[in-house]
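K.L.:
The structure under discussion is supplied below as structure tokens; questions concerning it will follow.
The values are calculated or read from the model by the stated rules, or taken from the named source; none is laboratory data. As the structure is a prediction and not an experimental result, all values here were calculated from the model. Glycine gets a Cβ as well: all are built from the backbone with ideal geometry, and neighbour counts include every protein chain shown.
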Amino acid sequence: MVRSSAGVLGRMWQGMAQRESARLRDAFVERAVPAPSARAALGQALAVLVILVYAALSAVGLWWALVALGLWGEAHVFVRLLCALGGVGLLGFAWVARPRFPAPWGVEVTAEQAPQLHALVAQVAGALDVRAPVRIVLTPEVNAFMARTGWRGTPTLGLGLGLWFGMRPQERVAVIAHELAHLRSGDPTRSGVVAAALNVLDHAVSVLTPDAWMEYQAEHLQAVSNLMSRLMALVPLGVYSLMLNLVGAQQQAAEFRADLLAARVAGSQATAHALDRMYLADLLDSALHKQWQRPEAPHVFAELRRMWDAASPERWAKAREEGQARNVRLDASHPPTADRLQVIGAWPREAQIGLSDKSSGWLDVELGPFIPVLERAAIDDYRVRMGG
């Protein structure tokens with residue numbers, strides 16, 4: 001009976017997610033800039049509450065510490081001892097759980113090392129009317145990202161060489177444009193109070209969850225303490241999940257907006273093709289295995305490009321079907337790829353910025369010196385994951 005009830009609730013929740021996803025997609029198909037949902041406002045309010053609770057705990061911890069030190073009123077020695085223990089605990093928790101936005105991992109490529117790449121990124125930023133990223137970093141992944149680091153939100157563009165070398169020239173413009181578009185797409189999880197609240201909750205869960213060593217060493221009292229910590233961690237974990245579900249539509253709407261802005265700069269066709277190629281992003285592992293065991297291509301990223309180009313229409317069709325079959329999630333950062341392609345197709349645009357094969361080739365030459373170290377990092381990571 002319990003299993004049946006859970007199944008019913010699960011199907012109800014999944015049905016709601018699918019309806020919300022379809023509503024959001026249709027809104028962008030009918031109107032490129034739909035109004036935000038009321039649920040997003042609840043997510044913002046919850047984020048403010050999280051920050052206020054965090055500030056209150058920090059203030060109480062500081063107050064108790066002052067009482068313990070005799071700097072705030074008169075108190076019995078036993079009360080001061082309790083305040084010392086509580087103050088240290090709360091202030092320690094506040095320090096570890098503080099919101100922070102470290103720089104993402106990647107090998108930085110400067111304007112001196114890759115002047116044409118930086119010039120292209122600046123050109124795309126100008127077309128989007130956004131600030132060009134302060135840093136550009138390279139990773140070996142089939143991915144690209146736009147991150148804001150530090151309290152000032154310094155923009156950093158990340159380009160995965162697996163994605164870069166797998167894309168055709170105009171698709172590369174689309175990738176850059178999509179990521180830079182996030183600087184104005186309104187994703188609440190990338191900056192502002194929602195991002196800060198999620199950051200606090202994430203660190204709070206980490207602080208309260210016992211690690212493997214604590215579990216291994218646990219005896220009777222320690223086991224009870226670990227259990228209590230795990231139960232306490234459920235509170236920030238639940239709030240974290242709730243907040244993502246509340247702002248999920250707004251977060252996915254930001255992806256639709258970034259797609260449409262990218263299409264305005266790179267053209268709808270190139271933007272759709274770049275997105276479609278991500279269906280076979282998992283071929284990177286196959287390329288890593290091939291390059292590790294029987295290398296034939298100049299590097300693993302060229303091998304991935306070869307695999308993408310050699311994939312049969314049936315393989316692409318199967319990958320698309322599998323992608324469309326995945327369950328929609330309200331807390332997912334991206335809407336279904338099929339929905340994104342439908343929205344892009346509903347608003348056809350010609351490219352504002354073009355990238356020729358020759359210019360694209362020069363960009364590859366600039367990035368050439370970074371390939372060996374990133375290829376080695378990718379292969380080493382793959383070997384660890386494969387147990388070898």
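K.L.:
How many of the residues in region 55-76 are more than 30 Å from Leu201 (Cβ to Cβ) and buried (at least 17 other Cβ atoms within 10 Å of the Cβ)?
P.N.:
Total meeting the criteria: 0.
K.L.:
Moving on. Which of the residues spanning region 275-294 are closer than 17 Å to Thr139 by Cα, of a type outside the set (D, E, K, R) and not in a loop (DSSP other than H, G, I, E, B)?
P.N.:
Passing the criteria: Met278, Leu283, Leu284, Ala287, Leu288.
K.L.:
Which residue is farthest from the chain's Cα centre (by Cα), if the candidates are limited to region 295-333 and must be modelled with pLDDT under 90, surrounded by 15 or more Cβ atoms within 10 Å (Cβ to Cβ) and not in a helix (DSSP H, G or I)?
P.N.:
Ala297
K.L.:
For Leu355, state whether it is crowded, with 18+ Cβ neighbours inside 10 Å and over 16 Å from Gln113 (Cα atoms). Even if it seems obvious, please write down each step before you answer.
P.N.:
Values: crowded, with 18+ Cβ neighbours inside 10 Å: yes; over 16 Å from Gln113 (Cα atoms): yes.
Criteria met by Leu355.
K.L.:
Surrounded by fewer than 21 Cβ atoms within 10 Å (Cβ to Cβ) and at negative phi: does that describe Gln170?
P.N.:
On the way: surrounded by fewer than 21 Cβ atoms within 10 Å (Cβ to Cβ): no; at negative phi: yes.
When the stated conditions are applied, Gln170 does not pass them.
K.L.:
Being out of contact with any strand residue (DSSP E or B) (no Cβ under 7 Å at 6 or more places or on another chain), free of Cβ contacts under 8 Å to residues at least 60 places away in the same chain and either surrounded by fewer than 18 Cβ atoms within 10 Å (Cβ to Cβ) or part of a helix (DSSP H, G or I) (or both), is that true of even one residue in region 153-162?
P.N.:
Restricting attention to region 153-162, the residues satisfying the condition of being out of contact with any strand residue (DSSP E or B) (no Cβ under 7 Å at 6 or more places or on another chain) are 153, 162.
Next, only the ones that are free of Cβ contacts under 8 Å to residues at least 60 places away in the same chain stay: 153.
Remaining after also requiring either surrounded by fewer than 18 Cβ atoms within 10 Å (Cβ to Cβ) or part of a helix (DSSP H, G or I) (or both): 153.
Yes; the residues of region 153-162 include at least one that is out of contact with any strand residue (DSSP E or B) (no Cβ under 7 Å at 6 or more places or on another chain), free of Cβ contacts under 8 Å to residues at least 60 places away in the same chain and either surrounded by fewer than 18 Cβ atoms within 10 Å (Cβ to Cβ) or part of a helix (DSSP H, G or I) (or both).
K.L.:
Further, regarding this structure: Using the structure shown, decide if Arg306 is under 30 Å from Leu46 (Cα atoms) and either among the charged types (D, E, K, R) or without any contact (Cβ under 8 Å) to a residue 24 or more places away in the chain (or both). Can you show your working first?
P.N.:
Details: under 30 Å from Leu46 (Cα atoms): no; either among the charged types (D, E, K, R) or without any contact (Cβ under 8 Å) to a residue 24 or more places away in the chain (or both): yes.
When the stated conditions are applied, Arg306 does not pass them.
K.L.:
Here's something else I'd like to know. Considering Leu242, Leu246, Leu237, which residue is within 19 Å of the chain's Cα centre (by Cα), free of Cβ contacts under 8 Å to residues at least 40 places away in the same chain and under 30 Å from Ser206 (Cβ atoms)? It would help to see each step written out before you state the result.
P.N.:
On the way: Leu242 fails: free of Cβ contacts under 8 Å to residues at least 40 places away in the same chain; Leu246 fails: free of Cβ contacts under 8 Å to residues at least 40 places away in the same chain.
Leu237 is the lone residue from the list that is within 19 Å of the chain's Cα centre (by Cα), free of Cβ contacts under 8 Å to residues at least 40 places away in the same chain and under 30 Å from Ser206 (Cβ atoms).
K.L.:
Which of the residues belonging to region 249-271 are hydroxyl-bearing (Ser, Thr, Tyr) and either without any contact (Cβ under 8 Å) to a residue 24 or more places away in the chain or within 17 Å of Phe145 (Cα to Cα) (or both)?
P.N.:
At the first step, the residues of region 249-271 found to be hydroxyl-bearing (Ser, Thr, Tyr) are 268, 271.
Once the filter is applied, which keeps residues that are hydroxyl-bearing (Ser, Thr, Tyr) and either without any contact (Cβ under 8 Å) to a residue 24 or more places away in the chain or within 17 Å of Phe145 (Cα to Cα) (or both), region 249-271 yields only Thr271.
K.L.:
Next question. Out of the residues in region 77-100 that are of a type in the set (Phe, Trp, Tyr) and under 15 Å from Ala59 (Cβ atoms), state the one that is surrounded by the fewest Cβ atoms within 10 Å (Cβ to Cβ). Even if it seems obvious, please write down each step before you answer.
P.N.:
Keep residues of region 77-100 that are of a type in the set (Phe, Trp, Tyr), which gives 78, 93, 95.
If we keep only those that are under 15 Å from Ala59 (Cβ atoms) too, we end up with 93, 95.
Working: Phe93: 18, Trp95: 12.
Filtering first and then ranking leaves Trp95.
K.L.:
Do we have any residue at all in region 337-359 that's closer than 17 Å to Pro298 by Cβ and part of a helix (DSSP H, G or I)? Outline the logic, then answer.
P.N.:
Pass one, region 337-359, residues closer than 17 Å to Pro298 by Cβ: none.
Within region 337-359, none of the residues are closer than 17 Å to Pro298 by Cβ and part of a helix (DSSP H, G or I).
K.L.:
Could we say that Ala65 is in contact with a Gly (Cβ under 7 Å, 6 or more places away or on another chain) and assigned to a helix (DSSP H, G or I) here?
P.N.:
Yes: the conditions hold for Ala65.
K.L.:
Hey, another quick one. Could you say which residue among Asp202, Asp187 is under 29 Å from Leu246 (Cα atoms), among the acidic types (Asp, Glu), surrounded by fewer than 16 Cβ atoms within 10 Å (Cβ to Cβ) and under 14 Å from the mean Cα position of the chain (by Cα)? Before the answer, list the steps.
P.N.:
Numbers: Asp187 fails: surrounded by fewer than 16 Cβ atoms within 10 Å (Cβ to Cβ).
The conditions single out Asp202.
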